[in-house]
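Working notes for the structure below.
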Amino acid sequence: MNDELNSKISKVGQLLSEYDLDALLVQRVTNFAWLTCGGASYINTTDESGVASLLIAPSGRYLITNNIEAPRFQQEEKLEQQGWKFEVSQWYQPTDVLNDLTRDLRLATDGLHPHGKDLNNDLIRLRADLLLAEQDRFRKLGRGCAQAMNAAIETIQPGMTEYEIAAILAQETHRREILPIVNLIATDQRIYSYRHPLPTAKKLERYAMLVLCGRKHGLVASITRLVHFGPLPDELFRKADAVAAIDAAFIAATRPGQSLASIFLRAQAKYVEVGFPDEWQLHHQGGPAGYAAREAIATSHEDWVVRAGQAFAWNPSITGTKSEDTILVKDNGFENMTEIFGWPEIKVELDDQVISRPAILVVR
């Protein structure tokens, strides 16, 4: 932990030097988790800002919070042991501690404070380069999300509502000590109608799509799977093959040194090649993952450059189908961190390699 933390503090120091600044104030949940090696500063899981701030200044490293939150940060998160100096105010009293600590300093922020230079985009790039300890945590998270997804799909049956299916997926995710921050469920025609299907009271007849983004130690892994009860219609079979080919194109192109723009354009051409030229316009295609479900979204003008040690979650879709896993980029290939072992696969031959993508599970 000390090596990981020291590496991150060193990176922040270099960033401040580049901009000729003195101190960094972090308020976002994502950046807090990165700098504390997995700490959780949220109460409401949808909040962008947390209930504690971090300040890295010439005089020291500070955690600024109130008396409600401080005990958990001390006793469970153990952040004092990381060397953060606690500045604790009473929740009912105004405090000038931040102004006192940053007076006369050239301040950088992660974009949520009204003063100082916003370096959030720079911090996103820094945190996307996962250290070995983070990669190990991500692998464990990916395995847990895959296991939760598989267990949920083994449980669901026709006649269940989308809410019931969402509850099963949430239970299996929590059971593995993972927080499901995205839990999307669609059945039957709703899969064709909505790319982001919030669960409803509709009952499953034959076809279900389950989408999970699970968070642990601040990292977020994404996975989608589809299951069909009864024979698969020819149209779905064709679309599943096509979207697997597109996903494989994304993965094959995600190599160190490649830009998101070049990867996007290659996959866009694959949409044309497989006969669905306009489907990419109906939903974003994904991008780098890490302390957010997507650290950036791939487009034809995004200049993000892939590096070994970064994670990616591509999510191409063709109306009625989708393919999504979270991979880790390596110097000489990739690792699928959310693979479900034993799941039916579509094997795609591309660039002198075979890339396996998940098929639609057919339950007869």
(message) To the nearest 20 Debye, how big is the dipole of region 110-225 about its Cα centre, given +1 on the beta carbon of each Lys and Arg and -1 on that of each Asp and Glu?
(response) 140 debye
(request) Compute the long axis of helix 234-253 from its Cα atoms, compare it with the longest principal axis of the Cα atoms of the chain, and write down the angle in degrees, 0 to 90, nearest 10. (result) 40 degrees
(request) Give, as a single signed number, the net charge of other residues whose beta carbon lies under 13 Å from the beta carbon of A308, with Lys and Arg counted +1 and Asp and Glu -1. (result) 0
(request) If a/c stays under 1.5 just call it rounded; otherwise compare a/b with b/c (prolate if a/b is bigger, oblate if not). Do that for region 1-52, with a ≥ b ≥ c from the square roots of the Cα gyration tensor eigenvalues. (result) oblate
(message) Give me the percent of accessible area attributable to carbon and sulfur for the chain, probe 1.4 angstrom.
(response) 48 percent
(message) Give me a comma-separated list of calculated 3J(HN,Hα) values for region 159-164, in order, Karplus coefficients 6.51, -1.76, 1.60 applied at θ = phi - 60°, integers in Hz, x for any Gly or Pro.
(response) x, 6, 7, 4, 4, 5
(request) Rounded to the nearest 10 degrees, what's the angle between the helix 260-273 long axis and the longest principal axis of the chain, both from Cα atoms, 0 to 90? (result) 10 degrees
(request) Evaluate the charge dipole of region 212-364 about its Cα centre and quote only its size in Debye, nearest 20, assuming +1 on the Cβ of each Lys and Arg and -1 on the Cβ of each Asp and Glu. (result) 420 debye
(message) Given the options V220, W280, Q258, identify the residue whose Cα lies farthest towards the positive end of the charge dipole of region 206-364 (+1 on Cβ of Lys, Arg; -1 on Cβ of Asp, Glu).
(response) V220
(request) Place +1 on the Cβ of every Lys and Arg and -1 on the Cβ of every Asp and Glu in the chain, take the dipole about the Cα centre, and give the residue among F334, C37, P344 whose Cα lies farthest towards its positive end. (result) P344
(message) Checking the a/c ratio against 1.5 first, then a/b against b/c, what shape does the Cα gyration tensor give for region 58-131?
(response) oblate
(request) Could you sort out which of K78/K117; K202/K270; K117/K140; K117/K322; K11/K216; K203/K270 sit more than 32 Å apart by Cα distance in this structure? (result) K202/K270; K117/K140; K117/K322; K203/K270
(message) Given Cβ point charges of +1 (Lys, Arg) and -1 (Asp, Glu) and nothing else, what value in debye, to the nearest 20, does the dipole of the chain about its Cα centre take?
(response) 580 debye
(message) Can you give me the accessible area per residue for the chain, using a 1.4 Å probe, in Å²?
(response) 44 Å²
(message) Can you compute the FRET efficiency between S300 and D241 using 1/(1 + (r/R0)^6), with r the Cβ-Cβ distance and R0 = 35 Å? Round to the nearest 0.05.
(response) 0.90
(request) Determine the distance separating the Cα centre of region 248-313 from the Cα centre of region 82-156; give it in Å without decimals. (result) 25 Å
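The values are calculated or read from the model by the stated rules, or taken from the named source; none is laboratory data. Everything numeric here is computed off the predicted structure, so don't read it as measured data. A quick note on method: Cβ atoms are made from the backbone with ideal geometry, for glycine too, and the neighbour counts reach across all protein chains shown. All accessible areas refer to the heavy atoms of the entire protein, side chains included, with ligands and DNA or RNA removed. Shrake-Rupley method; radii C 1.70, N 1.55, O 1.52, S 1.80 Å.
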